[in-house]
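The values are calculated or read from the model by the stated rules, or taken from the named source; none is laboratory data. All of these numbers come straight from a predicted model, not from anything done at the bench. Cβ: placed from backbone, ideal geometry, glycine included. Neighbour counts: every protein chain shown. For accessibility, only protein heavy atoms count, side chains too; no ligands or nucleic acids. Shrake-Rupley method; radii C 1.70, N 1.55, O 1.52, S 1.80 Å.
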Amino acid sequence: MIQIDTPVQNLSGVGPKRSQMFAQAGIYTVEDLLKTLPFRYEDRTHFCPISELKLEQAVVVRGRVVATAQHTTPRKRIRVFQLTISDGSGELQIGFFRQAYLGRVFRKEQIVVLYGIPRRDYSGSGLTLMNPEFEILEGGSEASLHSGRIVPIYRKVGKMSTRILRQMVFRSLNQLPLQLEDLLPSFILSKHKFPTRSEAFQEIHFPNAVPGMSMETQLSYLASRRTPSHERLIFEEFFFLQLGLQIKRAQYRRESKKRVIQVGPEIREAAGAIFPFQPTSAQDRVFEEIANDLSGPKTMNRLLQGDVGSGKTMVALQAMIVMIKNGYQTVLMVPTEILAEQHHSTLVHYLRHTSCRVALLTGSVRGKERQSLLHQIRSGEVDLVIGTHAVIQRDVHFNHLGLVVIDEQQRFGVIQRSKLVEKGSRPERLVMTATPIPRSLALTLYGDLDVSVLDELPPGRKPSRTIVKTEEGRSEAYSIVDRELKKGRQAFVVYPLIEESEQLDLRGASAMAEHFQSEVFPNYNIGLVHGRLKFDQRERLMHRFQVGELHLLVATTVIEVGVDIPNASVMLIEHADRFGLSQLHQLRGRVSRGEFPGTCILMTVESCSPEAHQRLDIMCKSTDGFEIAEKDLEIRGPGELIGTRQSGLPGFWFADIVRDHKLLESAREEALNLTRIHTDSGDTDSHGFGRLLAAARSGVSGTRINTD
Ligand code: ADP
Ligand code: MG
């Protein structure tokens, strides 16, 4: 007897080598093995008579062994084990390459089942199977593992074939207790008509024929993961993730905060007065949401998302002013030095008539200057610190940090975010994203946060026009740029940087900058920024672009253009097909910041993939960041969209947030209800809530819960 948590190395047939292969695939226990979903299913319910085999058409045949032989191919000297079977309709020769040991496996008179694809034999006149999957039926039994049924096909784990894995899964299922512990509450099972956990595992690996359903229909449900068993397991995964997130959120909200924050008329007035423009109604609304959090009894833990250029900074700054007026320090952390610089100068400008003391802390602040700055932060002489990762260094101490704002938070890891939070005593938190996140992804990643959305752009924004050009249209593209430069506008040229070949790309970008300067736009000043420049070199160049000394800027990365230059009205993106949609949208957002309508030219090649064509097409049709993000998620998946490595995105066994968004919503709904019932009543034991809690915490569903 085995249990669900039995280590795989205890399974028969698993020695140190195989257990290492399993470990490399993240499979440690029987449960992990059972969660390894077949990547497809094959209908092997029909045995094909040998006389009816057709070239290249996969078949299952069943027959009696009539002969076995070993021989060696004449030229390449490969050992071949040869098997001959008969099924009454005819005889079939089967070849197994380099598997001489099969001579000890097959014997005359055995009944065998083979699965393979018929090919021409040596003579060219008959058909044969080469290295087919096989199974020897014991005692003539009809019940069979690898054929005569819908058969699961697994991806290889290390060197273990689908056949070996199938056997292990089959044996594990047979040796487990009849009913596994089911962590989903029974009322949820019955409400959604879900099978039990045991049934679900059985059915996703060895599906039984569904009464009244055609094989074709069943196969299509299996392929699209839409069987009740698949849905149950997907639901379970989402459910425990959402429960974990809700519990975290509830805990955060349960503890009352000690600080009292006033957001009276005077403070509102002060927070609004510093801007040279009227807030949009979305900005007003979001500020109210934040003000409620701040003045309320619970610590704020809020995500602010909005399209590029929707004015997130203004709202964040208003929140910071509220805190400063209440006597607290605040910190704004951004991912790059250039952005820190930019925010610093914008904020200093806005705050010039106030008594707020603003400081910039980046990696380039060193030595005495840094020491003195750290001292000011520690003593409370500074109210607002803007910085990069430098602000989470161990020797940075705040005096009374009350609010933490993280801009473009997806660029930071979970640990970095929590390090910043630990600089204060449970400070209020506001995190912002650079581009919109689709709802399904937001729920998965940020289900524990309250969410505010800026869904309106400041007035007078003229959406950029986006066009696609191939090499043929290059000179046309250049004349569009030229026209803008002649009007006194500025231009970006973006060149993608691919990590593996950074040097090569860099050469491409420098060559392009030179070519522009000497041949295309000789009358304008052209600059080149890239990640290899020293910070102050880069900063000088950016500054020259900002003040208009440079007219055209060639940039290798997205980071360098993450800046606000209202006079820039045209952007040409080389190899646009190499960028993801959200990145393109973010880039394009750089050229419709001022009063001039921006133009974005996407350069591509005729031969790029249909999928890339589709992406560029979406860019031309839509300027709505939320819509684009949804499409990006569909096309590239969540990992690419947000960068899985840093994101804290859970690794799902079954779930796919795009395909399964409906199940995600319903799992979230159930998790919300359950948490609400239990936090309201303070009762943590009915419905086995305690057990659920433990399950959610330990991530029983195999997903990692996003904790920061
Ligand atoms: P993002 O949401 O992309 O971070 P920003 O906060 O950088 O956007 O704002 C984009 C631009 O819009 C900035 O130049 C900012 O000064 C301007 N802006 C923000 N709010 C308003 C407003 N209510 N009216 C006019 N311009 C605004
Ligand atoms: Mg911003």
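Annotations for the structure displayed:
- In the chain, Rg over Rh equals 1.06, where Rg is the alpha-carbon radius of gyration and Rh the Kirkwood radius from pairwise Cα distances.
- Given a 1.4 Å probe and the protein chains as shown, HIS146 ends up with an accessible area of around 10 Å².
- At 0.692 mPa s and 37 °C, Stokes diffusion of the range 465-622 via Kirkwood alpha-carbon radius, µm² per second: 211
- Label point distance in nm, SER161-ARG64, each placed 7 Å from Cα along Cα→Cβ: 2.6
- Trypsin sites (Lys or Arg not before Pro) restricted to the range 44-121 and DSSP loop, no more than 15 other C-beta within 10 Å: LYS54, ARG75, LYS76, ARG77, ARG98, ARG107, LYS108
- Applying the criteria of a DSSP loop state and at most 13 other Cβ atoms within 10 Å to the trypsin sites (Lys or Arg not before Pro) of the range 316-390 yields ARG352, ARG366.
- Between CYS608 and PHE277, the FRET efficiency from the beta-carbon distance, with R0 = 35 Å, is close to 0.30.
- When the alpha carbon coordinates of the range 283-322 are projected onto the principal axes, the ranges are 32, 18, 14 Å, largest first.
- When the alpha carbon gyration tensor of the range 95-241 is reduced to an equivalent ellipsoid, the three semi-axes, largest first, read 36, 17, 15 Å.
- Over all other residues within a Cβ to Cβ distance under 12 Å of ALA25, the charged ones net out to +4, with Lys and Arg as +1 and Asp and Glu as -1.
- Protection proxy ranking, highest mean first, for peptides 577-586, 222-231, 235-244, 172-181: 235-244, 577-586, 222-231, 172-181, where packing is the per-residue count of other beta-carbon atoms within 10 Å, averaged.
- In range of the label at GLN20: residues from the range 143-171 whose backbone nitrogen is under 20 Å from the point 7 Å along Cα→Cβ: 156-161, 165
- Span from the the range 1-66 Cα centroid across to the the range 315-347 one, whole angstrom: 57
- Checking the Cα-Cα distances for LYS462/LYS662; LYS312/LYS368; LYS248/LYS423; LYS258/LYS419; LYS248/LYS419; LYS257/LYS423 against a 28 Å cut-off, the pairs over it are LYS462/LYS662; LYS312/LYS368.
- Computed over the range 266-454, Cα set: Rg, Dmax in Å: 15.5, 48
- Cα Rg over Rh - the range 207-276, Kirkwood: 1.48
- Reachable aspartates and glutamates, given that their alpha-carbon falls under 12 Å from the alpha-carbon of LYS325 and they are not under 8 places away in the same chain: GLU266, GLU269, ASP383
- Treating r as the C-beta distance of ARG366 and PHE47 and R0 as 60 Å, the FRET efficiency rounds to 0.20.
- Each Cα pair of the range 315-393 feeds into the Kirkwood radius, which the Stokes-Einstein equation turns, at 25 °C and 0.890 mPa s, into a diffusion coefficient of 194 µm²/s.
- Taken along the Cα-to-beta-carbon direction at a fixed 7 Å, the label points for ARG578 and HIS400 span 5.2 nm.
- Accessible-area value, SER372, 1.4 Å probe, nucleic acids and ligands omitted, Å²: 60
- Within the accessible area of the chain, the carbon and sulfur atoms contribute 50%, probe 1.4 Å, all protein chains present.
- Along principal axes, Cα extents of the range 1-101, largest first, whole Å: 48, 35, 27
- Probe 1.4 Å, protein heavy atoms only - accessible area per residue of the chain in square angstrom: 46
- Selection of GluC sites (Glu not before Pro), the range 523-619, meeting DSSP coil and at most 11 other Cβ within 10 Å: GLU549, GLU595, GLU606
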